[in-house]
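Below is one structure, written out as structure tokens, with a few remarks after it.
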Amino acid sequence: MKKYLKYFLTNFHEEATYKADFIFYIGSEIVFFVVFYFIWTNVYSKGGVSDISSFSLSTTITYYFLTSLLFRLNPAQAIYLNRSIWNGELTNEIAKPYSVKLIYLVSSLSIMAMEMIAYLPFAAIILIFVSKYIVFVSFGYLFLFIISMVLASLLGITLYLLLHSLCFHFGDQDANIGLIGYLIAFFGGALFPLRFLPSGLYRAFSYLPFKYLYDFPANIYLGKIAPRDIWVGFAEMFVWIVVFFCLYYFSFQSGLKKYAAVGR
Amino acid sequence: MKLLKIIKILMRNAIIRDSKVVGFVTVSILQEIASIVVNITFFNVIFANISSLAGWSFYQVLFLYAFSKTITSLSFAFTRAGLKDLGEHMIKFGDYDFHLIKPVDTMALVSFSRPRPTSLIAAVFYASLAVYSVIKTGIYIGGVNIIWFLFLTIFGFIIFYCLEVLTVIPAFKLIRVWSLPEIVPKMAEFMRYPIGIFTLPFKIFLFGVFPILAASYIPAQVLFYPPQTSKILYLVAIAIIFFIIVRKLWKFFEKGYSSASS
């Protein structure tokens, strides 16, 4: 456990080496929130709309604020397994005295933690400017939201690790991961609350595990999910995490036998 | 002429390279199709609740989206990867030396050094979507509007290119600027929507200080509405001014380049 903690901290410090560059990268992510903020204030205020699928302007803006936080826990930019397999760097990791399967999980956690910490000052600036639209329901829901964030990040990591490990079997997955990652964000509710969709599409999207990455945690915070359904959701998230991790484990294990350290 | 010859050779090589990785090209095209589907869904969600966004109809907004994506795709096809490489590697590892010794303008050479023909296919997709959106608006568009639109599109692209160059120039002074080449693609989100949705400080910023919105909105406005001389002159003037500033800055910072580790 100690060595993984050390690895976590080393990665964390490595990310922090070029602070200005990293902070600039995170800061520029605000653009997405700003664009959505203007679109929806326009739709609600100037369009004379008071309510969309039980979402008011305040809850909609809060939803986007929460997803901007959840995006920091999106492992799409924090996992390098595909690249390591493809260019042979994985060989360096295999030679070291730790589980190579877990190392990519630990490194992505450290990058995501760094992203979240770097984003907090920007989140505070957003809060100052749009505070009148930010809804606070209760500390209970806030606590449950934090739990859901942790589970969502684990779900994201295991899902992306599985996608990356496919490189062992089918070659470079970079383009595929980009495409699937984009669709995951859409199906997960990163672009808008899933309840804004027509009922048929909303039902279809609800069957997918991706809603647990954005839509579900945000709706927990907003108090739009009954307590019983929250715990059922947590259980489902846990099951999906286990399923994706097992699939990743077997994909990695079988893939390692095919690994030829190309590029080294 | 020399530069055009080099661009032609680079593009030909890039086409040969990309034709060897059909899978990558296919997925890249699928990604653009996915982006179109997702954004049309998003616009449908918006327009299910309102009839116009800041005075622009569904198909006008769709046109603005397709038009801005055409500009970004053309940038990806010709200049983006080269400029990105400058920000991430060229200065840091001293590869810029190889561009300096060539008998053509370095800014142009770096910009066009890594063409991506796949993005040209995306540009064709988006341009087709833009044409479809214009037809669906049902608005009569005269020949004068089309000519002004095409004329201003060139200047819109120049502004977009200048902003891209402007954001990577600090690479000459800083060690690592991976985040800087990402700024313009992220800011391009603003290009997709009518200016009327933004508040005055943002309008000033996106039209004057960092005129990324002017690059897409003014040509689009000229297409749908009677051309306004003031806006046409503004776009042309700002494109020329930005180009001159960017050239001067590039040359100024280039003098400080010290050829590290090559």
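Annotations
- Looking across the range B:182-209, the residues that are within 7 Å of another protein chain (Cβ to nearest Cβ), aliphatic (A, V, I, L, M) and touching a residue at least 24 places away in the same chain (Cβ under 8 Å) come down to B:M187, B:I197.
- Just one residue in the set A:F168, A:F136 is of a type in the set (F, W, Y), over 18 Å from A:L70 (Cβ atoms) and either in contact (Cβ under 8 Å) with a residue 60 or more places away in the chain or not in a helix (DSSP H, G or I) (or both); that residue is A:F168.
- Of the residues making up the range B:73-86, those that are within 14 Å of another protein chain (Cβ to nearest Cβ) and either buried (at least 23 other Cβ atoms within 10 Å of the Cβ) or among the aromatic types (F, W, Y) (or both) number 1.
- Residue count, the range B:133-176 (criterion: out of contact with any Leu (no Cβ under 8 Å at 6 or more places or on another chain), within 14 Å of chain A (Cβ to nearest Cβ) and within 16 Å of B:V246 (Cβ to Cβ)): 2
- Evaluation of A:F210 against (1) within 14 Å of chain B (Cβ to nearest Cβ); (2) over 28 Å from A:V100 (Cα atoms); (3) at pLDDT 95 or above (one fails), failing number: (2)
- Some residue of the range A:92-112 being out of contact with any strand residue (DSSP E or B) (no Cβ under 7 Å at 6 or more places or on another chain), among the polar types (S, T, N, Q), without any contact (Cβ under 8 Å) to a residue 40 or more places away in the chain and within 14 Å of chain B (Cβ to nearest Cβ): no
- With respect to the conditions (1) part of a loop (DSSP other than H, G, I, E, B); (2) crowded, with 23+ Cβ neighbours inside 10 Å; (3) away from chain A (no Cβ under 14 Å), B:A215 lacks only one, and its number is (1).
- Taking the range B:20-118 as the region of interest, the helices (runs of 4 or more DSSP H) fully inside it that hold 3 or more residues being out of contact with any His (no Cβ under 9 Å at 6 or more places or on another chain), small (G, A, S) and modelled with pLDDT of 90 or more are B:58-75.
- A:F32 vs. criteria within 7 Å of chain B (Cβ to nearest Cβ), touching a residue at least 12 places away in the same chain (Cβ under 8 Å), of a type outside the set (D, E, K, R) and surrounded by 17 or more Cβ atoms within 10 Å (Cβ to Cβ): yes
- Selection status of A:A204, exposed (fewer than 15 other Cβ atoms within 10 Å of the Cβ) and closer than 24 Å to A:F71 by Cβ: yes
- B:Y225 being on the phi < 0 side of the Ramachandran plot and surrounded by 20 or more Cβ atoms within 10 Å (Cβ to Cβ): no
- A:S58 vs. criteria small (G, A, S), assigned to a helix (DSSP H, G or I) and within 22 Å of the chain's Cα centre (by Cα): no
- Any hit, the range A:63-72, residues being among the aliphatic types (A, V, I, L, M), more than 15 Å from A:Y214 (Cβ to Cβ) and either modelled with pLDDT of 90 or more or in a helix (DSSP H, G or I) (or both): no
- From the list B:I29, B:I40, the one residue that fits, being more than 30 Å from B:D105 (Cα to Cα) and touching a residue at least 40 places away in the same chain (Cβ under 8 Å), is B:I29.
- Taking the listed residues B:G23, B:G55, the one that is surrounded by fewer than 16 Cβ atoms within 10 Å (Cβ to Cβ), within 13 Å of another protein chain (Cβ to nearest Cβ) and on the phi > 0 side of the Ramachandran plot is B:G55, with no other qualifying.
- Residues located in the range A:179-191, provided they are touching a residue at least 12 places away in the same chain (Cβ under 8 Å) and either in a helix (DSSP H, G or I) or within 7 Å of another protein chain (Cβ to nearest Cβ) (or both): A:I180, A:G181, A:I184, A:A185, A:F187, A:G188
- Selection status of B:S35, among the polar types (S, T, N, Q), out of contact with any strand residue (DSSP E or B) (no Cβ under 7 Å at 6 or more places or on another chain), within 14 Å of chain A (Cβ to nearest Cβ) and crowded, with 17+ Cβ neighbours inside 10 Å: yes
- Residue match in the range A:27-38 (condition: at pLDDT 85 or above, of a type in the set (D, E) and closer than 30 Å to A:Y259 by Cβ): no
- Residue within the range B:166-181 that is among the small types (G, A, S), farther than 21 Å from B:L109 by Cβ and either without any contact (Cβ under 8 Å) to a residue 12 or more places away in the chain or in a helix (DSSP H, G or I) (or both) present: yes
The values are calculated or read from the model by the stated rules, or taken from the named source; none is laboratory data. What you are looking at is a predicted structure, and each value in this text was computed from that prediction instead of being measured. So basically every Cβ, Gly included, is an ideal-geometry build from the backbone, and we count neighbours across all protein chains shown.
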